[in-house]
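Chemist: Pasting in a structure now, in structure tokens, and then I'll have a few things to ask.
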Amino acid sequence: MTGTSTGAAVRVLGAVGAVAALMTACTASPPREAPARLAVDDRWLQLSSADAFGEVSALDIDGHGHLFVLHRAGRPWVEPFPEAPIPQPTVHMFDAASGALLARWGAGEMVMPHGLSVDAEDAVWITDVAREQVLKFSHEGRLELALGVRGRAGTGAAGFGRPADVAFDGDRVLVADGYVNDRVAVFDRSGRYVEEWRGDGLLDLPHAIAADGGRVLVADREHGRVQVFAADGRPLERWEAPGRGHVYAVRPLPDGRVVTLEGRDRENRTGAILRVRSPRGDLLASYDVGLAGEKASLGHDLAAGPDGTLYMADHRGNRVVRFRLPETGER
């Protein structure tokens, strides 16, 4: 090969390499978001090895300062879902302040538990996506009411499509019927079906729900936003997640602010990014509350204590953490 042809070949190869590098750069995943890390406490709960959590799915606090934690006790999320109930207790009740374990229940009851919410009378409502039911338990774990038909999917008044979460607005029970039906189903406290909201196709996997002073906030997970409804189901506005993170949880705080939790980013990389918003939905701050380094977290649910302490269910980390927000200066 002559010097001229060799030089031309080098130039061609160089151009090909540059194009390949450009294509790689264009298709490479953008870097992870890196907000300030917030110090969290994951060691205050008093658990023996026999009580260790499986996948932690949900949590809430009752009026007596008890922290209820829902976990899957060694059963991972697998599809098709098993039919047999989980033989171990799936609900742990702690003293939220000291971390002392006060009670365990739910053995032989749940199949694939997902959401947990405590109402004003301290009843515990749990969604089970495999059972296709919303279950109401007494504070001590006695089953009092079951909405839906066990193991049978439905819509309207006939049942659920993998119900995800429950909230309460006066005498109404609001169900984020998330994985299949993409709706909010409304019941009265006796379990009678009232109506449903679909938001004209606004929802894509409503994963969490909360009532907030005449509004209903829905974590619209796959759309990457919070959908705000009026109490009568009218869509009001949308709070988009920065970077289109997947919103897994939404929780109003006693001071009027609202926090959301993103368990995955737009590249489907798991994590735990907390957003703090004003009552109007303005973004005030963002924090990383997941495991550091290469360990994977998946922020799945939030609870708020009356003293401002926040609690997070870390699904991938098999743990519960607590933390407090720094002051942002705006409410």
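We did not get these values from a lab; they are worked out from the coordinates using the rules stated. What you are looking at is a predicted structure, and each value in this text was computed from that prediction instead of being measured. Quick reminder, even Gly has a Cβ in these numbers, built from the backbone with ideal geometry, and neighbours come from all protein chains shown.
Chemist: Longest span of the chain, sites excluded, free of chymotrypsin sites (Phe, Trp or Tyr not before Pro) in DSSP loop with at most 16 other C-beta atoms within 10 Å?
Modeler: After excluding every exposed loop site, the longest remaining stretch is 78-331.
Chemist: Still on this structure: What 222 nm value per residue comes from the helices of the chain, counting each DSSP H run with n ≥ 4 as -39,500 (n - 2.57) and dividing by all residues, nearest 500 deg cm²/dmol?
Modeler: Working: 1 runs with 25 residues, N = 331.
After summing the helix terms and dividing by the residues of the chain, the value is -2500 deg cm²/dmol.
Chemist: For the chain, set up a Gaussian network in which alpha carbons nearer than 10 Å are linked by springs, and say which option among I273, I86, I61 fluctuates the most.
Modeler: I86
Chemist: Most exposed first by the Cβ proxy, i.e. fewest other Cβ within 10 Å, how do D95, D182 rank?
Modeler: Ascending Cβ contact count within 10 Å gives the list D95, D182.
Chemist: What is the distance, in nm, between label points placed 7 Å from the Cα along the Cα-to-Cβ direction at L283 and at S29?
Modeler: Between L283 and S29, the label points sit 2.0 nm apart.
Chemist: Once each part is reduced to its C-alpha centroid, what is the distance from the stretch 72-120 to the stretch 146-186 in angstrom?
Modeler: 19 Å
Chemist: Turning to a different aspect of this structure: When the Karplus curve 6.51 cos²θ - 1.76 cosθ + 1.60 is applied with θ = phi - 60°, which whole-Hz ³J(HN,Hα) does each residue of the stretch 232-248 get, with x for Gly and Pro?
Modeler: Once θ is set to phi - 60°, the couplings for the stretch 232-248 become 8, x, 6, x, 10, 7, 10, 10, 6, 7, x, x, 6, x, 8, 7, 9 Hz.
Chemist: Based on alpha-carbon positions alone, could you give the equivalent ellipsoid semi-axes of the chain from the gyration tensor, as √(5λ), descending, whole Å?
Modeler: 39, 23, 22
Chemist: Restricting to DSSP loop positions (anything but H, G, I, E, B) with no more than 16 other Cβ atoms inside 10 Å of their own Cβ, which GluC sites (Glu not before Pro) remain in the stretch 224-296? Don't skip to the answer; put the middle values down first.
Modeler: Values: sites: E237, E240, E262, E267, E294; in loops: E267, E294.
Here the sparse-neighbourhood loop sites are E267, E294.
Chemist: Another question, if that's okay. Whole angstrom only: what separates the Cα centroid of the stretch 269-331 from the Cα centroid of the stretch 203-232?
Modeler: If we compute the Cα centre of each part, the gap is 18 Å.
Chemist: Something else now. For the chain, find the longest principal axis of its Cα atoms and tell me its angle to the long axis of helix 3-27, 0 to 90°, nearest 10.
Modeler: That helix lies at roughly 10 degrees to the long axis.
Chemist: Taking amide H positions as placed 1.01 Å from N in the peptide plane, with prolines and chain starts having none, which residues 5 or more places from G233, or on another chain, fall under 5 Å of its amide H?
Modeler: HN-HN under 5 Å from G233: empty list.
Chemist: Still on this structure, please answer the following. Identify the GluC sites (Glu not before Pro) of the stretch 22-121 meeting these criteria: DSSP loop state and at most 11 other C-beta atoms within 10 Å of the C-beta.
Modeler: Listed in order of number, the matching sites are E83, E121.
Chemist: While we're looking at this one, here's another question. Once the convex hull of the C-alpha atoms of the stretch 209-263 is built, how many Å³ does it hold per residue, rounded to a whole number?
Modeler: 69 Å³
Chemist: Cut-off is 10 Å between beta-carbons; in what order do L283, L310 appear when sorted fewest neighbours first? Let's see the in-between values first.
Modeler: Numbers: L283 14, L310 21.
Fewest to most other Cβ atoms nearby, the residues stand as L283, L310.
Chemist: For R152, R72, which order do you get if you count the other beta carbons within 10 Å of each Cβ and list the fewest first? Provide the component values of the computation, followed by the final result.
Modeler: Values: R152 12, R72 22.
Taking fewest neighbouring Cβ atoms as first place, the list is R152, R72.
Chemist: How long, wide and thick is the stretch 32-84, going by the Cα atoms along their three principal axes, in whole angstroms, largest first?
Modeler: Rounded to whole Å, the extents work out to 41, 38, 25 Å.
Chemist: Once you compute Rg and the Kirkwood Rh from C-alpha atoms, what is the Rg to Rh ratio for the stretch 175-314?
Modeler: Ratio of gyration radius to Kirkwood radius for the stretch 175-314: 0.97.
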